[in-house]
Amino acid sequence: EIPYYGDCAPLVEGFGFSLVELAVFKRQSVWNVRVVITGPEGVGIADCTHVHRALLPRLEAVLATQDMYVEVTSPGLDRIFKNASEFAVLTGKQVKVWNTDISDWVEGTIVSSDSVSVRLGTASGETDIPYIKIAKAKMFMSGEPGKHR
């Protein structure tokens, strides 16, 4: 459903990464493109550079312009999730979600997700949380469950 996603995702996946976010918008006469990628071993500066070099000509062709600014980044340690599809792309990452059923944060590692809920591995075992019960979700880095940076 994301515009231009189908044009960009195969290129990103060809480098062994997943496309987490693609935002394409026009500000005055310049196209701005924000690309967020992730991979099983993380994402470094060189990875972002390779993906940028591959995406730039594709985006120039699709948008029919060379007047654009393209930024390629990793999700970051404290990324706030923008939609439920990010759970599938970020499987294996540590997250905390605000569960409206208990009015508190639930911390854990994304085990799996489907169209209805996400399964988190927590300190007390695995738990399924329906998306409609998640008010907010974000990644975080912690040495042990319950300890925030």
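The values are calculated or read from the model by the stated rules, or taken from the named source; none is laboratory data. Everything numeric in this text was worked out from a predicted model, so none of it was measured. Don't worry about glycine lacking a Cβ; one is built from the backbone with ideal geometry, like all the others, and counts go over all protein chains shown. Calculation scope for accessible area: heavy atoms of the full protein, side chains included, ligands and nucleic acids excluded. Shrake-Rupley method; radii C 1.70, N 1.55, O 1.52, S 1.80 Å.
Of note:
- Ser29, Ser115, Ser74, reordered so the largest accessible area comes first (probe 1.4 Å): Ser115, Ser29, Ser74
- Between helix 5-14 and the chain: long-axis angle, C-alpha atoms, 0 to 90°, nearest 10: 80 degrees
- Å² of accessible area per residue within the chain, as computed with a 1.4 Å probe and no ligands counted: 57 Å²
- Shown for the chain: lysine pairs separated by 8 or more places, or found on different chains, whose C-alpha atoms are under 26 Å apart, numbering 18.
- Cα-centre dipole for the chain with unit charges at Cβ (Lys and Arg positive, Asp and Glu negative), debye to 20: 360 debye
- Rounded Å value of the spacing that divides the Cα centres of region 34-111 and region 9-25: 8 Å
- Degrees between helix 45-63 axis and first principal axis of the chain (Cα, 0 to 90, nearest 10): 60 degrees
- What a 1.4 Å probe finds exposed on the chain is 50% carbon and sulfur by accessible area, rounded to a whole percent.
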